[in-house]
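S.K.: Shown below is the structure under consideration.
The values are calculated or read from the model by the stated rules, or taken from the named source; none is laboratory data. Note that this is a predicted model, so its numbers are computed, not measured. With ideal geometry, Cβ positions are generated from the backbone for all residues, glycine too; neighbour counts draw on all protein chains shown.
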Amino acid sequence: MMCPDGQRRPMVGLVCDRFFVGEHDLHSVKHSYVGALMFCSRVSPVLIPATEDIANVEGYLDGVSGLLFPGGASNVDPQRYGGESSPEMHVDPDRDHVALALMRGAAARRMPFLAICRGFQEMNVAFGGKLHADLQVAGHAANHLEDPYEDLQTRYRYKHDVDLVVGGKLALFSGAHRAKVNSLHRQGVSVLATPLTIEARAPDGLVEACRLDGHDFAIGVQWHPEVSAMSDVMSRTLFEAFGASCRRYAAKPPLNRLPRE
C-alpha cells in the first residue's frame, strides 16, 4: 500500500486475541486499532493470530517493520509474573505466549512497537516486571475500572489526568506535561521492569506509560489512544510518531534489523 505522498507503507503486525463466540474459535482485534494505524500511522496493518502453535516467531518479525500490542478483554495470566491465577479471572494463554515472545524479539531487533492497555501490561511482564491482579484490591482509585454496563462512548470517555514526565517522549510528541486519558483496566503495574522508564503517572501514583530505553520507539500506554486518534492531539501524535519510526526501520538494510549479540 502507498501513502498519499507515494511512499510505500511498511507492514505492521497487530496481535490478536483468541476467544470463543458460541462454538467458534476466533482470532480478532478491534477495528479502532486498524483505523488508527492506517490513517494516523500511515502503515499497513497485518493481523497476527494468537496461538501457542506458532513456533517461528522470527518469521513474523522478518515480515514486519513494527508491532502493535492492543488492549483486550482478557488479563495477563498472573502465573506469567509469579502471581496466582483465579477461576474468576479471564485469561488468554495463547495471546500471552505470542505477545511476550514477539515483544522480546522486537526489542532484540530494535524494532518499533507500541503497546496499549493489555499490551502495556504485557510490556512490563515481558521485561521482568509484576502486575497488580486487581487495582482496587491493591488500594488504587476506582476511576481506573471499566463499567461494562455503560454504553461504549461513555465507557471510553476521559477518566482522569496523567502527568507526563518532563523530557520523556510523550511530553515531546504532545508538547504538554499533562493529558486527559480514557484509561480503563483492572490490572496495573505493581513493580516496573528494570529496563523500562516511566513516561506518565496517574494522580494516585499508578504508572500509566513507559518506554524501553535505547530504542527509537518502544512505548507502552495504559490508556486507549486508538479510540481518540482522530480527535485528540496526544493520541494522534503518538500514532504519527510510531508510523514514522516504522518507516525508518523499514528503510534499514535487512542485515541491520537482525537481533544484536
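S.K.: Among residues belonging to the stretch 193-207 that are of a type outside the set (Val, Ile, Thr) and not in a loop (DSSP other than H, G, I, E, B), point out the one that is surrounded by the most Cβ atoms within 10 Å (Cβ to Cβ).
M.R.: 200
Residues checked against (1) touching a residue at least 60 places away in the same chain (Cβ under 8 Å); (2) closer than 21 Å to residue 219 by Cα; (3) surrounded by 15 or more Cβ atoms within 10 Å (Cβ to Cβ):
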| site | (1), (2), (3) |
| --- | --- |
| 26 | no, no, no |
| 33 | yes, yes, yes |
| 64 | no, yes, yes |
| 71 | yes, yes, yes |
| 77 | no, no, yes |
| 107 | yes, yes, yes |
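S.K.: On to the next question. Identify all residues within the stretch 223-261 that are within 16 Å of residue 32 (Cβ to Cβ) and of a type in the set (S, T, N, Q); write none if there are none.
M.R.: 228, 231, 235
S.K.: Let me ask another. Considering only residues of the stretch 208-252 that are in a loop (DSSP other than H, G, I, E, B) and hydroxyl-bearing (Ser, Thr, Tyr), which is farthest from residue 111 (Cα to Cα)? Before you say what the answer is, go through the steps one by one.
M.R.: Taking the stretch 208-252 as the starting set, the residues that turn out to be in a loop (DSSP other than H, G, I, E, B) are 213-217, 222-232, 251-252.
Now narrow it down to the ones that are hydroxyl-bearing (Ser, Thr, Tyr): 228, 231.
Values: 228: 25, 231: 27 Å.
Taking the candidates together, the pick is 231.
S.K.: Can you tell me how many residues within the stretch 40-55 are in a loop (DSSP other than H, G, I, E, B) and among the β-branched types (Val, Ile, Thr)?
M.R.: 3
S.K.: Here are some residues: 38, 123. Which one is closer than 21 Å to residue 216 by Cα and either acidic (Asp, Glu) or surrounded by fewer than 24 Cβ atoms within 10 Å (Cβ to Cβ) (or both)? Give the derivation first.
M.R.: Details: 123 fails: either acidic (Asp, Glu) or surrounded by fewer than 24 Cβ atoms within 10 Å (Cβ to Cβ) (or both).
The conditions single out 38.
S.K.: Return yes when residue 199 is in contact (Cβ under 8 Å) with a residue 40 or more places away in the chain, charged (D, E, K, R) and under 25 Å from residue 66 (Cβ atoms) and no when it is not.
M.R.: When the stated conditions are applied, residue 199 does not pass them.
S.K.: Considering every residue within the stretch 56-75, establish whether at least one is hydroxyl-bearing (Ser, Thr, Tyr), in a helix (DSSP H, G or I) and modelled with pLDDT of 95 or more.
M.R.: Looking for residues that are hydroxyl-bearing (Ser, Thr, Tyr), in a helix (DSSP H, G or I) and modelled with pLDDT of 95 or more, one finds none in the stretch 56-75, hence no.
S.K.: Might you check whether a residue that is over 21 Å from residue 167 (Cα atoms), touching a residue at least 40 places away in the same chain (Cβ under 8 Å) and either surrounded by fewer than 19 Cβ atoms within 10 Å (Cβ to Cβ) or touching a Phe, Trp or Tyr at 6+ places or on another chain (Cβ under 6 Å) (or both) occurs anywhere in the stretch 208-222?
M.R.: no
S.K.: OK, next. Given the structure, is residue 85 free of Cβ contacts under 8 Å to residues at least 24 places away in the same chain and in contact with a helix residue (DSSP H, G or I) (Cβ under 7 Å, 6 or more places away or on another chain)?
M.R.: yes
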